[in-house]
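Since the structure comes first, as structure tokens, the remarks are kept for the end.
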There are 2 protein chains.
Amino acid sequence: MTLDLAAIRAAHVTIRPHIHRTPVLTSARLDAATGGSLFFKCENFQKTGAFKARGATNAVLALSAADAAHGVATHSSGNHAAALARAARLRGIPAHVVMPSNSTASKIRAVEGYGGMITFCEPTAQAREETCASVITRTGAVLIHPFTDERVMAGQGTVAVELIEDIPALDVLLCPVGGGGLLAGTLIAAKNLRPQIQVIAVEPSGADDAARAFSTGKRAAVEHPVTIADGLRTTIGQPNFEIMRQHVEAVVTVSDEAIVAAMRAIWETLKIVVEPSAAVTYAALIEGKVTSAGRRTGLIVSGGNVDLDALPWMNRSFR
Amino acid sequence: MTLDLAAIRAAHVTIRPHIHRTPVLTSARLDAATGGSLFFKCENFQKTGAFKARGATNAVLALSAADAAHGVATHSSGNHAAALARAARLRGIPAHVVMPSNSTASKIRAVEGYGGMITFCEPTAQAREETCASVITRTGAVLIHPFTDERVMAGQGTVAVELIEDIPALDVLLCPVGGGGLLAGTLIAAKNLRPQIQVIAVEPSGADDAARAFSTGKRAAVEHPVTIADGLRTTIGQPNFEIMRQHVEAVVTVSDEAIVAAMRAIWETLKIVVEPSAAVTYAALIEGKVTSAGRRTGLIVSGGNVDLDALPWMNRSFR
């Protein structure tokens with residue numbers, strides 16, 4: 001398969017019975033604050049609390065019976081792990097998940113809750129990959145990569161399909177970028193459905209590898225990413241980067257201060273629980289990195305999995 | 001007017017252009033936890049962040065031009081104050097709001113944000129009523145009482161109308177009770193639309209005047225209400241009590257511990273921001289005061305206005 005609109009539409013047919021069609025929320029107050037018309041696509045309401053349920057479900061259901069026989073495996077500290085565990089359970093196969101030993105308790109509980117089998121490893125990229133390789137050797141499971149897998153990207157692209165179905169006349173679409181699975185799917189879906197739309201990727205300034213890659217043409221990891229947006233610390237994947245450079249309008253960065261302010265504004269005004277990574281798109285508006293004045297702007301709210309005991313505004317540095 | 005289904009339907013026609021039709025959320029996880037089918041009517045998404053927008057808007061728009069000429073007045077530390085200020089602004093008349101001097105900053109900002117004119121008073125029931133009377137004498141404004149006003153009750157009844165339109169086959173409807181405006185409207189709407197429905201009122205055990213009144217037949221204030229559910233500390237009104245005793249199935253009380261646990265479960269699972277008073281209905285399920293096993297149970301989620309700097313699980317006594 002190649003990642004095109006047909007693949008994304010096929011993914012939508014496959015996953016629709018197993019996911020929520022999430023609502024698009026609006027707010028007169030946030031519109032007034034930004035001078036535009038904002039449309040929040042609320043993937044925090046998605047199964048497993050994040051858009052990751054879409055891609056993982058598509059990838060698992062797309063496996064042949066032979067490939068699925070020994071289960072699936074991945075390495076992830078976050079939402080992809082829970083999404084893959086749930087997708088595997090839907091299909092009745094095991095999910096092996098390699099998680100760094102410093103993963104948060106709530107993420108571990110989520111994977112366990114969906115029946116995932118966890119192998120802990122040291123919290124380094126090298127340890128994650130090595131441990132995952134050894135789990136695959138031992139079990140015969142198929143790797144479902146969190147963002148370079150085309151079936152995953154196709155599943156993530158269904159977010160934009162639904163948003164544009166609901167709000168056809170969008171001018172701009174703001175999308176978070178970490179590994180680039182959501183961004184790649186969003187770009188292919190949005191630019192095919194509505195060629196004049198501007199898709200703008202947003203990432204934290206403390207993990208700005210995608211912005212650097214976009215301006216230099218070369219992908220390179222940020223050695224020590226520092227950002228509250230834990231879902232966006234990852235380096236963009238190679239296929240994701242290639243799709244991004246071809247279709248994206250711009251890649252902008254936002255400060256952690258703006259992310260926390262945006263997250264809080266969303267909680268207070270929209271009355272929804274969103275995680276820091278999901279607030280970067282609105283942060284781009286409040287930090288003036290993108291203007292929405294007079295434009296219909298879609299914002300992908302990627303997830304809502306937060307530790308309610310450690311909210312960022314409890315942290316003195318964000319007050 | 002008398003409070004009947006026709007009055008509630010008329011209120012709905014009046015206020016519909018000015019309020020949100022709020023969604024009804026469901027959760028496979030919360031259903032599994034309780035053994036029933038739960039339907040959360042999300043008034044936290046309502047204009048001003050609470051169902052109070054319905055009653056205040058109906059009352060203000062129902063005024064004759066002569067009555068409206070000098071504006072409206074009320075005393076409230078909470079959501080009715082902001083709702084009345086917004087409703088008055090819709091009509092282009094002043095809103096005079098008497099608030100206790102210890103009101104939270106966010107509630108004060110909300111009233112100011114809608115253009116309400118605040119008079120502060122000592123935080124006692126007597127001071128509130130005296131100050132409100134003197135404001136009315138001075139300005140000629142019309143009093144819009146937060147829950148004994150029939151136009152207010154009729155507006156609040158539209159919550160149940162919408163919920164039963166969306167989920168016609170409800171068996172049980174759980175409704176918070178403070179002053180009883182929402183409960184009175186809910187009872188008249190629900191029992192007329194679906195006579196076999198059981199409406200159960202829920203209140204905090206630290207402010208259990210409605211439960212006592214229901215069992216003794218006599219209304220009496222709890223002298224020092226102690227509960228985290230700040231919207232439910234009020235004593236039930238006389239007309240509200242009369243409607244309650246005639247139509248309610250039961251009045252149950254819940255502990256503050258259960259309220260905090262319910263609030264947290266709703267935030268974590270439904271990914272929505274709700275205030276403590278809005279969580280009492282789910283608290284009744286997790287504390288075993290009501291069983292939902294095998295029944296379709298509606299829960300009115302009354303509002304979402306919380307101080308994000310002072311969430312109850314930050315407080316050691318609820319850990």
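Only the coordinates and a few stated rules stand behind these numbers; no lab work does. What you see is a predicted model, and the numbers here were worked out from it, not measured in a lab. So basically every Cβ, Gly included, is an ideal-geometry build from the backbone, and we count neighbours across all protein chains shown.
Helix A:238-247 axis versus longest C-alpha principal axis of chain A: approximately 30°, rounded to the nearest ten. FRET efficiency for the residue A:105 to residue A:165 pair, using the beta carbon distance and R₀ = 30 Å, is estimated at 0.20. For residue A:166, the shell of other residues with beta-carbons less than 13 Å away shows a net charge of +2, using +1 for Lys and Arg and -1 for Asp and Glu. Between residue A:223 and residue B:16, the simple spin-label model (points 7 angstrom out along Cα→Cβ) gives 6.4 nm. The residues neighbouring residue A:253, those whose beta-carbon lies less than 13 Å from its own, together hold a net charge of -4 under the Lys/Arg +1, Asp/Glu -1 convention.
Rounded to the nearest 20 debye, the dipole size of chain A about its Cα centre is 540 debye, using +1 on the Cβ of Lys and Arg and -1 on the Cβ of Asp and Glu. DSSP beta bridges in the protein assembly as shown, what fraction antiparallel, as a percent rounded to 5? Roughly 10 percent of the DSSP beta bridges within the protein assembly as shown come out antiparallel.
Computed about its Cα centre, the charge dipole of region B:255-301 is approximately 280 debye, with only Lys, Arg, Asp and Glu carrying charge at their Cβ. Only lysine pairs 8 or more places apart or on separate chains count here, and in chain B those with Cα atoms under 19 Å apart total 6. Taking Cα centre as origin and charging only the Cβ of basic (Lys, Arg, +1) and acidic (Asp, Glu, -1) residues, the dipole magnitude of region A:53-143 rounds to 320 debye.
Computed per residue of chain A from DSSP H runs no shorter than four, each worth -39500 (n - 2.57), the mean residue ellipticity at 222 nm is -13000 deg cm²/dmol.
Three principal axis extents describe the C-alpha atoms of region A:53-143; from largest down they are 34, 26, 18 Å.
Sites listed here are trypsin sites (Lys or Arg not before Pro) in region B:216-286 whose DSSP assignment is loop and whose Cβ has at most 15 other Cβ atoms within 10 Å: B:218.
For the peptide B:42-52, the mean number of other protein chain Cβ atoms found within 10 angstrom of a residue's Cβ is 2. Spread over its residues, the convex hull of the C-alpha atoms of region B:173-319 is 110 Å³ per residue.
Its residues counted as N, chain B yields a C-alpha radius of gyration over 2.2 N^0.38 Å of 0.93.
Database remark: amide H of residue A:255 closer than 5 angstrom to the amide H of A:205 (H placed geometrically; neighbours at sequence offset of 5 or more, or on other chains; Pro and chain starts carry no H). Computed over neighbours whose Cβ is under 15 Å from that of residue A:30, the net charge equals +4, Lys and Arg +1, Asp and Glu -1. Here region B:219-270 and region A:98-128 have alpha carbon centers that stand 41 Å from each other. Computed log10 I(q)/I(0) for the protein assembly as shown at 0.08, 0.09, 0.10 Å⁻¹: -0.61, -0.76, -0.91, from the Debye equation with unit scatterers placed on every C-alpha and solvent omitted. If you plug the beta carbon distance of residue B:255 and residue A:249 into 1/(1 + (r/R0)^6) with R0 = 56 Å, you get a FRET efficiency near 0.55. If both residues of a DSSP beta bridge must be in chain A, then about 10% of such bridges are antiparallel. For the peptide B:265-272, the mean number of other protein chain Cβ atoms found within 10 angstrom of a residue's Cβ is 6.
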